[in-house]
Each structure stands twice: as C-alpha cells, then as structure tokens.
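Below is one structure, written out as structure tokens; comments come after it.
The values are calculated or read from the model by the stated rules, or taken from the named source; none is laboratory data. Fair warning: this is a prediction, and the values are worked out from it, not measured in the lab. Glycine also receives a Cβ, built like all others from the backbone with ideal geometry; neighbour counts cover every protein chain displayed. Note: areas computed on protein heavy atoms with side chains; ligands, DNA, RNA excluded. Shrake-Rupley method; radii C 1.70, N 1.55, O 1.52, S 1.80 Å.
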Amino acid sequence: MSSPPRRSPGARSPGPESSPVAPDRSPAPASSPPKTPVRNAGLERSPGAGSTMSQSPNFAQTPKSIEGSPVATPAVRPRGSPGQEGQEEASPGSQGPRIPHRGWMMSSPRSSPRPSRGDDDDFTGMEEGAFIYGTNINEAEVVKDFRSFVKEFRVADGSTPFYMQQLKKNWEETNSDKSRGIKFPVDGGHIHEHSRKLYEHLVSYPTEVIPIFDRELWNLSVKELDVEPEDLGTCQVQVHALLEKDSRIMRSMNPTDIERLVTIKGIVIRCSDLAPDMTAAVFRCTQEDCKHEVKVSLSHWTIEEPTKCELCGSSHSFQMIHNDCQFSDRQVLKLQETPELVPEGETPQNVAVCVFDDLVDQVRPGDRVEVTGIYRAAPVRPIRNWKACSSIYRTFVDAISLASEKTSQRIEAPQDDFLASQGRTVPRLSEERDLDPKQMSEEDIKMNKSIRELAAETDEDGRRTIVGKLIQSFAPSIFEEDEVKKGLLCQLFGGTSKAINQNTKGRCRPEINTLLCGDPSTAKSQLMQYSFKLAPRGVYTSGKGSSAVGLTASINKDPVSKELVLESGALVLSDRGLCCIDEFDKMDENARAILHEVMEQQTVSVAKAGIVCSLNARTAILASANPADSSYNPKMSVVENIHLPKNLMTRFDLIWLMLDKRNRDTDHRLAMHLLSMYSESGKRTRPEPQVNAELFRRYVAFARQWVYPVLTDEAADALAQGYMSLRNQGTNRETITATPRILESLIRISESLAKMELREQVTAADVEEAIRLLKAATYAAAVDPETGLIDWEQLIVGVGAGKRKRVKEIESLLQEIVAEKSSAGEAMTVDSVKAVMNERLGERKEDLLKGDAEFNGALRAAEQQSLIRRTGKTIEAL
C-alpha cells in the first residue's frame, strides 16, 4: 500500500495517488538501519551532477523504491523495541531517539560514526574513506563540522555560542514535556560563514545531510540536558535563509535543481485540506482462532501487507485495521510568483509545495512566504494503480521551513485583531509585552525601544513630531499632497476592531476605504503603489482586467482529490490587508456590484456548484478613478465626473479630489522637484527622509500590533458635536450633509491618528483633525457645483440639491399647464406644451429648458403618476 507524502527531509513527496497494498512483498524489518557502502574516491562526482536517482543512495540499493506511489514519501518510523531485529545496544551519546524520527527511507537514525567510548570530540577513529553511496559526502566529516558549528558559532557581539544557547532555550520552552521534541531553526548563512564545505554538502545533498543534522542535534541534546534518551523527543533542523545564489525564481528552476535545497518566494493562492498521511499500518489475521496482529511501518514509499501469518501459518489472511493505524498531517500549497518578479508579457508561474506536521496550517491564501525545501520530481501514472509511469514528471517543493517573506518592503499584519473583534482582552502598550525577553528577541526589543523613543520625540512647544516625520517620509518622491498622504497613512494604520455586541459575531469594521479621483498625471497610481508595498497583505489589480470571479472566488477541480474547491480571488486574498484597484471607473458593472457587500459587511458570499459559504474579506479598499472626460470638470459633481454607482460612493471614508490646478509658483516648484530627482546637483540638495524606509515599516507594524486606542468621554462628546454640526450644514431640511456612516468614518480616522503617535486614548484633538481631514477630502468632493454648498445626498441619488429643485419645478410647471389646457378643452401636443413652458420660465426669469432631457423627464414623471397619456406627439390629460 502506498502512502501520501510525509514530512521527512529524507524524502518528501506530495501526490494525489496511492497504490494498493502489495501482497507479494515481504515486510521490511522494523528497524534495520541502512548500510553505507564504502565508495572509491576515484568514483566521486561533483555535487548536483547526475540524475535524481544517482544522487540518492537508496535508489541504487533498493530498486523497489520506484515501484511505490509516484508521490509517496517515506515517513518516520519508530526505533525498534527490545527484541526487535536490528536493535542495538549503544551509549546514550550515540543512540537515536526511541520515538518516531524523520529519516531517509523510514530508517532509524544511525549511530554516530565515532567510537562509543571516549570524548565526544574524539574523531580519530573515524573511517575517512566511508562515503555515503551516490555522493561525495564523508559522513564523519559532516558530523564533525556540524558539531563544531553548533558548539562554536557566535553571532556578532555574542559572547556565548549562539546555537548552544538556542538549543537550551528551545528545550526550556517545551516545559517539562520533552518527549514532544523540538523544531530547531538554523540560518543557512551562518552555516556558510562557519564552513563553506558543510554548506555546499547541505545544499547539494539535503536528503542525506539533514537526517545527520537531526541525529547529531539529538545526541548533543542528550549530553547537554543530562536526561535519559527515552525521555527526549526528536530534534528536527529547519534550515532557512539560504544564500542568494541558492534562491530561485519559479520560472528559472530546471532539472539541475532537482534533489537540491532551494529557496523560493511567492504568494500562497490556495491551501488544500488537511490530509491524513499513513505512517504505520496494523494488520490482523482473519482466521477465527488466530487474530494475530502485525504492525508494519512505511518503507520505500510502501506499506507491504504480510503474506503469511507467523502464528497460524495462513497465507494472505491479513486485513488492515484502520482505527489502529498511525497517521500524520499533510497539506499541499499552491505558490504563485510575486507580481514584481513576472517579466513583461508573461503570466505568473505556479509551483506545488508540500508541507507536513508542524508546517500544516501555518499560512493562509494571500500570504507572501519564503519556502526553503527540496526540489523534487515525481513520476505520474496515466492509469491509476498501474505501475507504468509517464515520461513527464511532476515537480514540487518538499518544504523544510516556511517563513514570512524576508524583505523590507512589507510590514506584518496585527496578530490580536481577532481578539479585539470578539471583545476580548488585547495587549496594552503600557504592559510592555513588546519588551518581554521571553517573547521577543534581543534585536526586536532594541528596535521596539527605538520606536517608542521616536514616537515620544517633541518639538520646542512640547508637541509630538512623529506625524509630520511620517508624512514627510511617505512617498518622498511625490510633490506635496501632504493631506492625501496623511489620509493614506490613516488607512495603513487603521482603526481599532470592535465587537458590535458581546453576544453576536458581528463587528464594526476598522478598515478605512479611500478613493483617489481627479486629473491625469497627479500621482494617483504612484501613491497606490507605495501604499501597496507597505501593506501587511495586499493585492494590486486593475479595474478593466478584473472580473467578478477574479475578485471573489472561482470553482476549480482539486488535482489531488478531484473534488470541486474554491480558489480565492483578489478580495479574499487581501483579507486583513489592502486591495488596490486601479482604473476603478473602468471596472465591469457585475464586478463592481460585489464591492457593496465587501466594503461594509467585510464578507463575500458564494453560492456556486453546490458550495454555499461566506468568505472573509476584511480588506481596506484603495481605488483610483479618472474622470469620464479625461479632465475633471469643476462645474459638475463628482458623481457626474466619475461614472460610478451612487450608493457605492458613500462606502468610501475618504474621497480625495486630486486636481491639476494651474499656478505659476506651484508649477515652478513642481518642476524643480522633478528635476532634482534626476540631476546630480538635485540629489545633493534634496533632503533625506527623516524616517528611513526600514524604520518606517517597522513603526507601522508596531502600531498595528500593539496599539489599540479607545475613545475617551471627551472624544465622544467632540464626535457628537462635530457630527451634529456637519448634519446641520444644509440650507434646508431636504439637503443631507451627513449620515451615520460619516460618524463611523470619523471614529476610525480618529483612532488611526492616535495610533500614529502610539497613544492608547483618542483625544478631542484627534477628533478635530479627523473632521478637518474629512472636510478636506470627502466634503470637498460632495460640494454641489450649482449651490456651492455641501450636499451628501448627491452621492446617493447622483443629483445635487440645485438640480433636484430644478426637476421638481419643471414637473410642477408641466402639470399646471396640462391642467389649464385640459380645463379649457384645448388640444395639446408636445411642441405646444414645451413652448408654453419656455414662455412661463422666461416670465419668471429662469433658465429655459435645456434640450429635450428636462422636458422628457417631466413627461415621464407625469405619466408614472397617471396624470397624462402620451400618444405619439399628442398629450391627453387623465
């Protein structure tokens, strides 16, 4: 029986297929250690050369290994119990762990190639010519170099061996239960710094070297902790951060990288369901008088059914007992290239990543990750359960470690947002958890202290200067637009997630939605790109190329289970992040309609192919739109300038009008700013950002993770008064100048302003600044060009107060004329009624009818009210 892939650095292979139990094969011994033939030094070859099979010692030793599942992976197997074949008596310093341990081809860790007596550092008795078959690796040298690395390597300004300190710390974190083992991260750059040869062996032959690392780390742990070997769990080395030369781009990976340790970066676009991976099976004899049970571990990618019962002698009488079998976790990720790595005119490449055990469910779709693993190729069977394989192999990456993308271009997402949304206790900045050495490293504590000091800096008047520094450092290449930058900073920091009710699952959204609209060449897309690079999670898309399915979720067939699964779209991938939509005005109507639910309820409801669900889309929307006539017409409202649904406009917290105003002094300063970016003299005179890019990103990440401002009574009173003043700005009761959504927007903006200064309380000054920002942005866009007054209703109905008043006057004038002519018995035509209306408007000294639009609209309104009936050009009163 073939098994799905299993997390084992010796052999990790994902695969959708499995083969039946092979009845004609005898079971492999439970703990027979693989033998290491001595290689002639003249037969050595350079690392990385040759095929996959030639690099692996067990392919040569065991031809049956290629008969198993093309995607199965040898899993860990338990060390033999007393009385089992292959049981060895060894000293605690040389024996392997007695619980399941990852190893090549399900073998127990071999004893160290050194004498069982003497000091650990005495390697004089090693056999120098003993090479691992199929490689140029001397196992004794690898053991010696690795032990030296762990015991001697020191980081800069380190007085004690770094990894010995980390080893003790990891075991201490397991509390008293050391049987669970540890996961031990090792930096690949540190290995290269200590021993270049050891690093090359690790990268070229990870299948053989990593199990040696695991074994020797366990041996060191037994000696350092001074515990019984039976009480100590396994140690798994997780190598990460390889050198740049071993980092690969997905499209540049080729057959020479197979069976080598590589690092790739990408965006997770799909995570499969957790699948059980069988590591050991229990078979029971079906004879009534026997019921003998035999446990068979995974070996050579296959679990072989015993052919003859040793107790009763019956042949082919065994049946698998599934409830007593052992399983481990397995998951397959789909990784896609990041947009910045895709060449012009190319489509992003994908690669499958198989993760096991502790790496399962560590990432979500939309995460940018750095995967370090073994690049493998697995044969594909055209017909299931047949041994014939296709000549085209399926490639995948067998993950050793997963980490957030190691780049300074992005910040981390807040970890306690869920607790805040459920009304639970969140960390307070005054508790100083960010300075706790038990939770944070020394480097992080040092950075957090510098961030706190930066936020506390004041000017001569005692006012904090951090907000001005952040604005000056945000997109420094963009000329001025300080108000817009401050609004985008508010969107990056976000508000505080709050539960609507302790007894419900609802929440008040903390995300701030922003719309940039205005003339071309006003740096709208550049500001979007800068925000996108800083966002914790984000997707950048264009409105013209986005469909409804691409934004929400699509239905695809899973290549492993052959079932229909949901593939996350842009909005779901940017959950708890930022979704940037360029050319928002050119988006398809069907795709734009989806945003109504996302921008307020923060969910995407899907009902496709029998799959009915609601997906989280807690994302902040940053959109940019161009006017319909290329340039913004100030004589028209923002709704008329930009063809967008009226009710969608009200869901934006901030709507920024970025107009290209012609001013001689401003144009000159803009030209000098642009020239300073490209001229040598300009580069020397241009001021540097007060907050460098790395510190900027860490500052935003710190605020999102540790600061959760709350409203004070003073701030609540200021919000109520400000909302009432905005509500009463209209000239009459028919004009709406503020809605409850405006009040919620003010709360979010006030909280984000408090976050910028790392304050846990929102003050009245924050509320005043939020109201000023709202007036500078959204209310400037909501001004009726005819009356010059704020009219929020035009964003709802699409027509300003002046035009609404004009429409009502035209409709009442038409009804008045029709009533007069009907009572006089005169015949009415369209032209005669229109002429009379123009005469009356002229007498009132009002504007005449503008074309046929106003007149036809009044006629339709009268027809809907059943006041007239129009037949051709004849009008009849009812």
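General remarks:
- Matching residues, the range 579-609, being in a strand (DSSP E or B), touching a residue at least 40 places away in the same chain (Cβ under 8 Å) and either of a type in the set (G, A, S) or open to solvent by 10 Å² or more (accessible area, probe 1.4 Å) (or both): D582, K608
- Count of residues meeting criterion [under 26 Å from the mean Cα position of the chain (by Cα), among the β-branched types (V, I, T) and part of a helix (DSSP H, G or I)] in the range 445-496: 2
- Selection status of K845, open to solvent by 50 Å² or more (accessible area, probe 1.4 Å) and farther than 22 Å from K805 by Cβ: no
- The numbered conditions (1) in a helix (DSSP H, G or I); (2) modelled with pLDDT of 75 or more; (3) closer than 30 Å to R806 by Cα; (4) out of contact with any His (no Cβ under 7 Å at 6 or more places or on another chain) are all true for L648 except (4).
- Residue count for the range 600-640 under the criterion of being touching a strand residue (DSSP E or B) at 6+ places or on another chain (Cβ under 6 Å) and under 25 Å from Y530 (Cα atoms): the result is 9.
- Evaluated against (1) in a loop (DSSP other than H, G, I, E, B); (2) crowded, with 17+ Cβ neighbours inside 10 Å, D289 falls short on exactly one condition, (2).
- Exactly one residue out of I212, I191, I182 is open to solvent by less than 20 Å² (accessible area, probe 1.4 Å), touching a Ser or Thr at 6+ places or on another chain (Cβ under 7 Å) and not aromatic (F, W, Y): that is I182.
- Test: I249 is within 29 Å of D367 (Cα to Cα), surrounded by fewer than 22 Cβ atoms within 10 Å (Cβ to Cβ), of a type in the set (A, V, I, L, M, F, W, C) and modelled with pLDDT of 90 or more: no
- Total residues in the range 425-471 satisfying the condition of being basic (K, R) and open to solvent by 90 Å² or more (accessible area, probe 1.4 Å): the figure is 6.
- Single residue of A701, A720, A693 found to be under 18 Å from R748 (Cβ atoms) and not charged (D, E, K, R): A720
- Residue within the range 617-626 that is hydrophobic (A, V, I, L, M, F, W, C) and without any contact (Cβ under 8 Å) to a residue 24 or more places away in the chain present: no
- Among the candidates V638, V707, residue that is at pLDDT below 80 and crowded, with 18+ Cβ neighbours inside 10 Å: V638
- Residue match in the range 490-509 (condition: over 25 Å from R741 (Cα atoms) and surrounded by fewer than 16 Cβ atoms within 10 Å (Cβ to Cβ)): no
- Test: T685 is of a type in the set (V, I, T) and at pLDDT 80 or above: no
- Positions within the range 220-279 being more than 20 Å from the chain's Cα centre (by Cα), among the acidic types (D, E) and on the phi < 0 side of the Ramachandran plot, in sequence order: E224, E228, E230, D231, E244, D246, D257, D277
- Subset of the range 152-178 that is free of Cβ contacts under 8 Å to residues at least 24 places away in the same chain and among the basic types (K, R) - its residue that is farthest from K223 (Cα to Cα): R154
- The set of residues from the range 252-280 being open to solvent by 30 Å² or more (accessible area, probe 1.4 Å) and of a type in the set (G, A, S) comprises just one member, S252.
- Note on the range 306-345: among residues that are in contact (Cβ under 8 Å) with a residue 12 or more places away in the chain and among the small types (G, A, S), the one that is farthest from E567 (Cα to Cα) is S314.
- Top-ranked residue of the range 550-578 - restricted to ones that are in contact (Cβ under 8 Å) with a residue 40 or more places away in the chain, farther than 24 Å from Q705 by Cα and of a type in the set (S, T, Y), ranked as least open to solvent (accessible area, probe 1.4 Å): T552
- Some residue of the range 824-842 being under 15 Å from E811 (Cβ atoms) and surrounded by fewer than 11 Cβ atoms within 10 Å (Cβ to Cβ): no
- The range 294-314 - residue that is assigned to a strand (DSSP E or B) and modelled with pLDDT under 90 and, of those, farthest from T279 (Cα to Cα): E304
- Condition broken by E172, with the remaining ones in (1) part of a loop (DSSP other than H, G, I, E, B); (2) over 22 Å from S404 (Cβ atoms) satisfied: (1)
- Filter result (open to solvent by less than 80 Å² (accessible area, probe 1.4 Å) and either farther than 20 Å from K151 by Cα or touching a strand residue (DSSP E or B) at 6+ places or on another chain (Cβ under 8 Å) (or both)) within the range 219-231: S221, P229
- Positions within the range 746-775 being without any contact (Cβ under 8 Å) to a residue 40 or more places away in the chain, over 15 Å from E483 (Cα atoms) and not small (G, A, S), in sequence order: L746
- Filtering the range 315-330 to residues that are surrounded by 18 or more Cβ atoms within 10 Å (Cβ to Cβ) and part of a strand (DSSP E or B) leaves F318, Q326, S328, R330.
- Pairs meeting the criteria (first residue in the range 857-877 and closer than 12 Å to M828 by Cβ and in a strand (DSSP E or B), second residue of a type in the set (G, A, S) and open to solvent by less than 90 Å² (accessible area, probe 1.4 Å), beta carbons under 6 Å, at least 6 apart or on different chains) are I868/A862; I868/A877; A877/S822.
- For the range 179-211, the tally of residues that are farther than 18 Å from V371 by Cα and in contact with a Gly (Cβ under 6 Å, 6 or more places away or on another chain) stands at 4.
- Applying the condition of being assigned to a loop (DSSP other than H, G, I, E, B) and out of contact with any helix residue (DSSP H, G or I) (no Cβ under 9 Å at 6 or more places or on another chain) to the range 331-363 and asking which residue is modelled with the highest pLDDT yields V360.
- Screening the range 752-779 for residues that are of a type in the set (S, T, N, Q) and outside any helix (DSSP H, G or I) and picking the one that is least open to solvent (accessible area, probe 1.4 Å) gives T763.
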